[in-house]
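This report concerns only the one structure given below.
The values are calculated or read from the model by the stated rules, or taken from the named source; none is laboratory data. Fair warning: this is a prediction, and the values are worked out from it, not measured in the lab. Glycine gets a Cβ as well: all are built from the backbone with ideal geometry, and neighbour counts include every protein chain shown. For the accessible areas, the whole protein counts, side chains as well, though only heavy atoms, and no ligand, DNA or RNA atoms are used. Shrake-Rupley method; radii C 1.70, N 1.55, O 1.52, S 1.80 Å.
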Amino acid sequence: MKVTLLQIDIQWAQPDANIQAAERLIATHPGSDLYVLPEMWSTGFATEPEGIAVDESEDKALKWMQQTAERLHTAICGSLAVSVADGSYRNRHYFVDGRAGKTVYYDKHHLFTFGHEDRHYTPGNSHTIIEYGGMRLLLLTCYDLRFPCWSRYATGREYDAIILVANWPESRQSAWQLLTRARAIENQCYLIGVNRVGDDRYSHYAGCSVVVDCNGRTLAQCHRHQEEAVTVALDLTELERCRSKFRVLEDRD
């Protein structure tokens with residue numbers, strides 16, 4: 001499966017500009033099976049969503065994801081700050097499958113209390129695993145990366161790759177480098193981690209979006225501080241070979 005990381009410089013509360021940036025990057029890497037955008041890619045990491053997040057049914061960024069995925073016969077994922085029917089705000093990681101014509105989502109479980117995300121958003125309490133392109137994909141969002149029990153491969157929660165979308169600041173870049181590899185190694189899976197670049201009122205972001213294999217090896221990585229797209233092919237046969245040869249998952253707690 002061909003996956004393209006879309007590492008964009010998110011413009012604060014400017015969905016039109018961010019949609020245009022995503023379109024530019026997609027155009028440079030046509031033909032991928034999956035395009036992955038960062039966390040809250042249309043607005044920036046809006047911990048105070050009032051006046052920025054819009055109703056899910058009216059979100060132009062979500063509609064763009066759906067229309068573009070259908071037009072390109074591909075899938076697009078990334079998270080958006082939205083308000084939903086019950087009146088709550090959600091940091092919602094959407095996976096739009098343009099081939100099947102369906103949209104599923106994961107609501108971020110570990111809200112970033114250090115940045116007061118928990119004061120305004122409602123956490124999700126369930127996992128989302130999608131079957132797409134012959135692979136099983138677990139959706140996670142940013143701060144979730146720090147909590148291995150939540151992402152643990154388990155009976156009834158089997159998957160082949162983690163898709164992690166993030167606004168991960170440069171000041172904690174060393175943790176990004178270590179934890180993306182740890183989650184891939186301990187779960188014997190691929191990890192697709194897509195971060196942003198640029199600045200907002202809170203932080204500076206270095207990017208370093210990455211794809212890691214089940215042995216912790218980097219298969220592809222975006223440059224620091226650079227808006228760009230990178231494409232990599234994930235090989236399910238190779239993953240299954242590694243899992244069958246070195247049966248770590250059978251000895252898990």
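Running a GNM on the chain with Cα contacts under 10 Å, which residue among ARG90, ARG241, ARG196 ends up with the highest mean-square fluctuation?
In this elastic network of the chain, the residue with the biggest mean-square fluctuation among ARG90, ARG241, ARG196 is ARG241.
Considering only TRP176, TRP150, TRP168, give the residue with the highest GNM mean-square fluctuation for the chain, with springs between Cα atoms whenever their separation is below 10 Å.
For the chain, modelled as a Gaussian network with Cα springs under 10 Å, the answer is TRP150.
Structure shown: which of LYS60/LYS108; LYS108/LYS245; LYS2/LYS60 lie over 32 Å apart, alpha-carbon to alpha-carbon?
Beyond 32 Å between Cα atoms: LYS108/LYS245.
Picking from GLU39, GLU70, GLU58, which is most flexible by a Gaussian network model of the chain using Cα springs under 10 Å?
In the Gaussian network model the winner is GLU58.
Ignoring ligands, DNA and RNA, what percent of the accessible area of the chain is carbon or sulfur (1.4 Å)?
Here carbon and sulfur together make up 48 percent of the probe-accessible area.
Amide H of LEU219: which non-local residues (sequence gap of 5 or more, or other chain) have their own amide H closer than 5 Å, using H built in the peptide plane?
For LEU219, the qualifying residues are VAL211, VAL212, ASP213.
What shape does the chain have by the C-alpha gyration tensor, where a ≥ b ≥ c are the square roots of the eigenvalues, rounded means a/c under 1.5, and otherwise prolate means a/b greater than b/c and oblate the rest?
Numbers: a/c = 1.43, a/b = 1.31, b/c = 1.09.
Rounded is the answer for the chain, as its axis ratio a/c remains below 1.5.
What does the charge add up to near ALA69, with Lys and Arg as +1, Asp and Glu as -1, over the other residues with Cβ less than 14 Å from its Cβ?
The answer is 0.
What's the angle, to the nearest 10 degrees (0 to 90), between helix 15-28's Cα axis and the longest principal axis of the chain?
40 degrees
Rounded to the nearest Å, what's the spacing between the alpha carbon centres of the range 65-128 and the range 134-160? Just the number, please.
16 Å
Whole number in Å², please: accessible area per residue of the range 165-253, 1.4 Å probe, ligands, DNA and RNA not counted.
It amounts to 47 Å² per residue over the range 165-253.
For LYS63, give me every one of the lysines with a C-alpha distance below 16 angstrom, ignoring sequence neighbours fewer than eight places off in its own chain.
By straight Cα distance, LYS63 reaches LYS102.
Please label the shape of the range 80-208 as rounded, prolate or oblate, based on the square roots a ≥ b ≥ c of the eigenvalues of the alpha-carbon gyration tensor (a/c under 1.5 means rounded; beyond that, a/b larger than b/c means prolate, else oblate). Intermediate values should be presented prior to the final figure.
Values: a/c = 1.56, a/b = 1.11, b/c = 1.40.
Judged from the Cα gyration tensor, the range 80-208 comes out oblate (a/c at least 1.5, b/c at or above a/b).
Round to the nearest 10 and report in Å² the accessible area of LYS63, as given by a 1.4 Å probe over the protein chains' heavy atoms.
Per-residue accessible area (LYS63): approximately 90 Å².
In degrees from 0 to 90, rounded to the nearest 10, what is the angle of the helix 173-186 Cα long axis to the longest principal axis of the chain?
Compared with the principal axis, the helix lies near 40 degrees.
What is the calculated FRET efficiency for SER57 to ARG146, with r their C-beta to C-beta distance and R₀ = 45 Å, to the nearest 0.05?
Efficiency for this residue pair is about 0.90.
Output the relative contact order of the range 1-60, whole-number percent, from Cα pairs under 8 angstrom with separation of 6+ residues.
Once divided by the residue count of the range 1-60, the mean separation gives 42 percent.
Helix-only estimate, please: 222 nm mean residue ellipticity of the chain, summing -39500 (n - 2.57) across DSSP H runs of length 4 or more and dividing by its residues, to the nearest 500.
After summing the helix terms and dividing by residue count, I get -6500 deg cm²/dmol.
Does the range 145-195 come out rounded, prolate or oblate, given a ≥ b ≥ c as the square roots of the eigenvalues of its C-alpha gyration tensor, rounded meaning a/c under 1.5 and, failing that, prolate meaning a/b above b/c?
Prolate is the answer for the range 145-195, as a/c is 1.5 or above and a/b outweighs b/c.
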